[in-house]
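Notes for the one structure printed next.
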2 protein chains.
Amino acid sequence: MHEFDIIAKYLNLNTTPRKDVLCGVGDDCALLKVPQGQRLAVSMDTLIGDVHFPADADAKAIAHKAIAVNLSDLAACSAEPAWLTLSLSMPQADEKWLAAFSEGLSEMVEHFAVQLVGGDTCRGPLSITVQAHGLVPQKVFAQRSGAKAGDLVCVTGPLGDAALGLLHYKGELAASGADADYLLQRYLRPYPRVAAGIAMRGRASAAIDISDGLLADVQHLSNASGVGVVIRWDQIPLSDAARAVADQQLIKRAVLTGGDDYELCFTVPEDQFEATQKALAMVGEKCIPIGRISGKPGVRVVSDEGDINLEKMGYRHF
Amino acid sequence: MHEFDIIAKYLNLNTTPRKDVLCGVGDDCALLKVPQGQRLAVSMDTLIGDVHFPADADAKAIAHKAIAVNLSDLAACSAEPAWLTLSLSMPQADEKWLAAFSEGLSEMVEHFAVQLVGGDTCRGPLSITVQAHGLVPQKVFAQRSGAKAGDLVCVTGPLGDAALGLLHYKGELAASGADADYLLQRYLRPYPRVAAGIAMRGRASAAIDISDGLLADVQHLSNASGVGVVIRWDQIPLSDAARAVADQQLIKRAVLTGGDDYELCFTVPEDQFEATQKALAMVGEKCIPIGRISGKPGVRVVSDEGDINLEKMGYRHF
């Protein structure tokens, strides 16, 4: 199957067109209109088969994840998703795989009201690069660098599920029926917290999405802001499926250092907390406080038994 | 070497910052300002080791080519380059390779006054995806679809060099010293015709860059415009190095179906030809007529001995 036929049949999606796409798939460039007063936020992520996802996973889930991880970056900056570009490299043109991949793309594109406007297709190892383009007024662009001592540290949902889902996928964790399904879906089909990102505009002082793991991402945020963070272990939300895991050390490790959850971690000045929680609840999203920004550098996680030894969790300070 | 160290040392380029980059490398998203009245043109291309370039080629040349092919797409749309994003996947973090790659990026970024604003780095098969972002007033965005019967078909420079350079690289063509160097450079370091693309604004009726080969790209343009094309073989510019190749069939094949030249092919109404040639000459670029748009569908190449048999050239009509 020729590249042009693949694009025409599987990547020129039959989804709702956006008015701000002046020229989409099929020319040398796409032509896009950024409204006056809005800034363009862009993020590019690559997913490689058997590095970032199991190469034999359902193609629909792969498409979902490739888009989700990029929309998650837009969410972390409070940007509203608008357009996507996609480069797909694959060993052979398997039409069944392409049909499922295309279906996964279409679902995400329709759900988030974005448009796939261009990209590339070539033969090579299975690899998907997506760039997400979002719009955001400059003054509410949430960066990693705005956290201040005293701010509350919040997350949008339970952590550790994706890491436990991956362990289950690899046969290294025995989870039961419904719990196993839930954890696996959290790994394969992360849900980008786009609505939460937009709802926290002008309220969150800093934000990041949890892709590398809570400790690593909190460290990024605190480094960028020049502050420290104290997290309370007992306040971190866990799903029922995670709670059902017997090995307490495994849970701690998954929650603190497992990546791929794609929940947002953000900071809010204390006097903005209630308003932020309300604004997120209005769009069906959660604002769960798990700790506080401190003037003293470093990341600490405290529990009723005292500080958790993070090195023992496999966490590398950097 | 950790991903963050690679980005900090080799991809956070120490080049001239642009004022329209409000947030660059290092956050979840880059934040960019599109000036009022301008539209955003984007193009994404992936180059895979041993598919699009020899994996053992100089890393500086690889960086050059990855950027050049994307800027060439902007040129084909008359857009002015502004920002780049880059995703780099490589088997291991070889610092010597990364230093050369980074140097190649910096050279191109400085030369075209663009800024690398974000991207991704991961371990995997050697593969580079670049997205180029350019600015263009909507009314002068050159598409493939604007060619009209009677328009002259022009190119910006000699064709076939890159295909001959690849043959030489593979040991399938014996070229002499200076000619061999020239052809190889034309393959490894294509020069995007950015200045030509901007100079033809409002004059060219359609444009495309020659990446797939003259016949294939002219076919794209004529399909999009709903017209036919008649090319005169004796008017197609050839370099001295190409002329020095003894095998006439090989030359024809390289010129007509060899890709990777990244010259622009564009159409100009006859009454605009002189002004266009002058405008391009002002910026040191060429406007060489090689044929004419015809109302009759199809691509023909005529020579003094009659029509050239394109199927014999390995050309597939589609």
Of the conditions (1) out of contact with any Gly (no Cβ under 9 Å at 6 or more places or on another chain); (2) open to solvent by less than 20 Å² (accessible area, probe 1.4 Å); (3) more than 27 Å from B:Gly118 (Cα to Cα), A:Pro192 satisfies every one except a single condition; which number is it? (3)
Filter the range B:234-249 for residues that are open to solvent by 70 Å² or more (accessible area, probe 1.4 Å) and of a type in the set (S, T, N, Q); the one that is farthest from B:Val299 (Cα to Cα) is B:Gln248
Among the residues of the range A:17-28, how many are in contact with a strand residue (DSSP E or B) (Cβ under 8 Å, 6 or more places away or on another chain), closer than 25 Å to A:Gln138 by Cβ and assigned to a loop (DSSP other than H, G, I, E, B)? 2
Suppose we filter A:Gly171, A:Gly202 for residues that are farther than 25 Å from A:His52 by Cβ and either part of a loop (DSSP other than H, G, I, E, B) or open to solvent by 20 Å² or more (accessible area, probe 1.4 Å) (or both); which single one remains? A:Gly202
Scanning the range B:30-44 residue by residue, the ones that are assigned to a loop (DSSP other than H, G, I, E, B) and more than 7 Å from chain A (Cβ to nearest Cβ) total 2
Could you look through the range B:21-31, keep only residues that are in contact (Cβ under 8 Å) with a residue 12 or more places away in the chain and surrounded by fewer than 21 Cβ atoms within 10 Å (Cβ to Cβ), and pick out the one that is farthest from B:Gly118 (Cα to Cα)? B:Val21
Test result for A:Ala224, assigned to a helix (DSSP H, G or I), open to solvent by 10 Å² or more (accessible area, probe 1.4 Å), closer than 19 Å to A:Arg193 by Cα and of a type in the set (A, V, I, L, M, F, W, C): no
Set B:Ile308, B:Ile231: member being within 15 Å of B:Leu214 (Cα to Cα), of a type outside the set (Asp, Glu) and open to solvent by less than 20 Å² (accessible area, probe 1.4 Å): B:Ile231
In the range B:92-144, residues that are surrounded by fewer than 17 Cβ atoms within 10 Å (Cβ to Cβ) and not in a helix (DSSP H, G or I) total 6
Applying the selection to the range B:78-91, what residues are part of a loop (DSSP other than H, G, I, E, B) and surrounded by 19 or more Cβ atoms within 10 Å (Cβ to Cβ)? B:Ser78, B:Ala79
Condition broken by A:Val153, with the remaining ones in (1) in a helix (DSSP H, G or I); (2) away from every other protein chain (no Cβ under 14 Å); (3) aliphatic (A, V, I, L, M) satisfied: (1)
Single unsatisfied condition, A:Met108 versus (1) more than 9 Å from chain B (Cβ to nearest Cβ); (2) touching a residue at least 60 places away in the same chain (Cβ under 8 Å); (3) not β-branched (Val, Ile, Thr): (2)
Looking at the structure I just gave you, is B:Ala75 away from every other protein chain (no Cβ under 12 Å), open to solvent by less than 10 Å² (accessible area, probe 1.4 Å), within 23 Å of B:Ala163 (Cβ to Cβ) and hydrophobic (A, V, I, L, M, F, W, C)? no
State whether the residues of the range B:261-269 include one that is surrounded by fewer than 18 Cβ atoms within 10 Å (Cβ to Cβ) and either in a helix (DSSP H, G or I) or modelled with pLDDT of 95 or more (or both). yes
Would you mind finding the one in A:Lys278, A:Lys252 that is open to solvent by less than 50 Å² (accessible area, probe 1.4 Å) and either at pLDDT 95 or above or assigned to a helix (DSSP H, G or I) (or both)? A:Lys252
Taking the criterion of being crowded, with 24+ Cβ neighbours inside 10 Å and under 23 Å from B:Arg39 (Cβ atoms), would at least one residue in the range B:146-153 satisfy it? yes
Test: residue in the range B:32-39 that is open to solvent by 20 Å² or more (accessible area, probe 1.4 Å), modelled with pLDDT of 95 or more and in contact with a helix residue (DSSP H, G or I) (Cβ under 7 Å, 6 or more places away or on another chain): yes
Looking at B:Lys96 and the list (1) of a type in the set (Lys, Arg); (2) under 22 Å from A:Ala30 (Cα atoms); (3) more than 7 Å from chain A (Cβ to nearest Cβ), which single condition is not satisfied? (2)
Listed residues B:Ala66, B:Ala55; which is more than 7 Å from chain A (Cβ to nearest Cβ) and either outside any loop (DSSP other than H, G, I, E, B) or modelled with pLDDT of 95 or more (or both)? B:Ala66
Could you list, in sequence order, all residues of the range B:43-62 that are open to solvent by 40 Å² or more (accessible area, probe 1.4 Å) and out of contact with any helix residue (DSSP H, G or I) (no Cβ under 6 Å at 6 or more places or on another chain)? B:Asp50, B:Val51, B:His52, B:Asp56, B:Asp58
Going through the range B:1-20 in order, the residues found to be of a type in the set (Phe, Trp, Tyr) and either open to solvent by 70 Å² or more (accessible area, probe 1.4 Å) or free of Cβ contacts under 8 Å to residues at least 40 places away in the same chain (or both) are B:Phe4
In the range A:234-249, anything part of a helix (DSSP H, G or I) and under 12 Å from A:Ala175 (Cβ atoms) is listed as A:Asp240, A:Ala241, A:Ala242, A:Arg243
When the residues of the range A:281-297 are filtered to those that are among the charged types (D, E, K, R) and not in a strand (DSSP E or B), which remaining residue is least open to solvent (accessible area, probe 1.4 Å)? A:Glu285
Within the range A:134-150, can one find any residue that is of a type outside the set (Lys, Arg) and more than 14 Å from chain B (Cβ to nearest Cβ)? yes
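The values are calculated or read from the model by the stated rules, or taken from the named source; none is laboratory data. Predicted model only: the values in this text are computed from it and were never measured. Ideal geometry is used to build each Cβ from the backbone, glycine not excepted, and the neighbour counts take in all protein chains shown. Note: areas computed on protein heavy atoms with side chains; ligands, DNA, RNA excluded. Shrake-Rupley method; radii C 1.70, N 1.55, O 1.52, S 1.80 Å.
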